[in-house]
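Read through the structure below, which is laid out as structure tokens, and then see the notes.
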């Protein structure tokens, strides 16, 4: 049963836990705090922000969701339906909640949308490939 829960739900839950202060209060936007800075050979400084790490985690989850979409269609349908609900939750929160009006949340919502569309597309293409036609001979 837990295999059908979309992994894109995890960033939504963690985002809300951080944004609403359940991991402690943050002064300002918690997604722009630098995690690390690396001096580059070109004398530039690469700064990795907490929001960047969160987006990369969302992309990793998207990769595994696309792998899950290649399962048998009967198992994947429930997963796609739940992915649709997760995307709708992202969309509603983005439109109605002030703390969700950030670029990090928007990109996570787009990742959820791609998960939803890619899941349906992969399943439809897989089913279409598995259909055999009998010529009645």
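We did not get these values from a lab; they are worked out from the coordinates using the rules stated. Bear in mind the structure is a predicted one, so any value in this text is a computation, not a measurement. Using ideal geometry, Cβ is built from the backbone for each residue, glycine included, and neighbour counts are taken over all protein chains shown.
For the stretch 2-130, relative contact order (Cα pairs under 8 Å, six or more residues apart, normalised by length) works out to 32 percent.
Given axes a ≥ b ≥ c from the Cα gyration tensor, I'd like to know whether the stretch 70-127 is rounded (a/c under 1.5), prolate (a/b larger than b/c) or oblate. Cα axes put the stretch 70-127 in the prolate bin. Model label sites at residue 71 and residue 29, defined 7 Å from Cα along the beta-carbon direction, differ in position by 3.7 nm.
Could you calculate the contour length gain from residue 63 to residue 117, that is, 0.36 nm times the residue separation minus the distance between their Cα atoms, to one decimal place in nm?
On the way: separation 54, 0.36 × 54 = 19.44 nm, distance 1.32 nm.
Extra length from residue 63 to residue 117 when fully extended: 18.1 nm.
Rounded to 0.05, the FRET efficiency of the residue 14 and residue 41 pair, given R0 = 41 Å and the Cβ-Cβ distance, is 0.75.
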